[in-house]
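Only one structure is covered here, and it is reproduced in the block below.
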Amino acid sequence: GDGIKANFGVPIPSESEAERARAARDAVACALAMGAGLAACHRDWAARGLPLARQRIGLFTGPAVVGAVGSDDRMKYTSVGDTINAAARLEAFAAPPGAAIDEGPQRILIGESTRRLLGDAFRVGDLGVHGGKGRSEPIRIYRALGAGEAMPREEPK
């Protein structure tokens, strides 16, 4: 398929709120960096008359089962559980008609559990509470918009 899954804060379980917050901030920073990379690709592709691409990212923080699964013939390191499913639902979220959340080449949607851990490190937009396929409880969805004032910025080298 064309999907990519990345896990932050594993394989060693996060023991503190500070560790979970760092993993959440790292995940959002990584997603934003992916968007910057896509923008660079777009400049090159547009100059060559090639079609442009879009990326959707879903981030959700919580417990998961992580490890190697399979057999001697086929082994895979993966993560499973409701947290992983929630992130996948955020990535695939279809906004209600008229909602303008898909503008631009990148969309990063995060759940409330991730949002709480970010503090003011990132600017986010509240998209409201929505149900999701396979979820019994609706979740509040936010869109990550960029680094906040508290986000340290590296000086150019």
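The values are calculated or read from the model by the stated rules, or taken from the named source; none is laboratory data. Model, not experiment: these values are computed from the prediction. FYI the Cβ positions are ideal-geometry reconstructions off the backbone, even for glycines, and counts take in every protein chain you see. Side chains are part of the model used for accessible areas, which takes the heavy atoms of the whole protein and leaves out ligands, DNA and RNA. Shrake-Rupley method; radii C 1.70, N 1.55, O 1.52, S 1.80 Å.
Looking at (1) at pLDDT 90 or above; (2) open to solvent by less than 90 Å² (accessible area, probe 1.4 Å); (3) assigned to a strand (DSSP E or B), which one does residue 123 not meet, given that it meets all the others?
Looking at each condition in turn, residue 123 falls short on (2).
Looking for whichever is loosely packed, with under 12 Cβ neighbours inside 10 Å and at pLDDT 95 or above here; the options are 48, 74. Which one fits? Give the derivation first.
Working: 74 fails: at pLDDT 95 or above.
Just one listed residue meets the conditions, 48.
Do we find a residue being out of contact with any strand residue (DSSP E or B) (no Cβ under 9 Å at 6 or more places or on another chain), in contact (Cβ under 8 Å) with a residue 60 or more places away in the chain, more than 19 Å from residue 133 (Cβ to Cβ) and exposed (fewer than 14 other Cβ atoms within 10 Å of the Cβ) anywhere in region 97-110? Before you say what the answer is, go through the steps one by one.
Start the filter on region 97-110 by keeping residues that are out of contact with any strand residue (DSSP E or B) (no Cβ under 9 Å at 6 or more places or on another chain), which leaves 97-98, 100, 103-104.
Filter once more, keeping what is in contact (Cβ under 8 Å) with a residue 60 or more places away in the chain: none.
Scanning region 97-110, I find no residue that is out of contact with any strand residue (DSSP E or B) (no Cβ under 9 Å at 6 or more places or on another chain), in contact (Cβ under 8 Å) with a residue 60 or more places away in the chain, more than 19 Å from residue 133 (Cβ to Cβ) and exposed (fewer than 14 other Cβ atoms within 10 Å of the Cβ), so the answer is no.
Looking at 67, 9 in this structure, which one is surrounded by 14 or more Cβ atoms within 10 Å (Cβ to Cβ), over 11 Å from the mean Cα position of the chain (by Cα) and at positive phi?
On the way: 67 fails: surrounded by 14 or more Cβ atoms within 10 Å (Cβ to Cβ).
Answer to the check: 9.
From the list 115, 107, pick out the single residue that is in a helix (DSSP H, G or I), basic (Lys, Arg), closer than 25 Å to residue 148 by Cα and at pLDDT 90 or above. I'd like the intermediate steps shown before the answer.
Numbers: 107 fails: in a helix (DSSP H, G or I).
That would be 115, the only listed residue that is in a helix (DSSP H, G or I), basic (Lys, Arg), closer than 25 Å to residue 148 by Cα and at pLDDT 90 or above.
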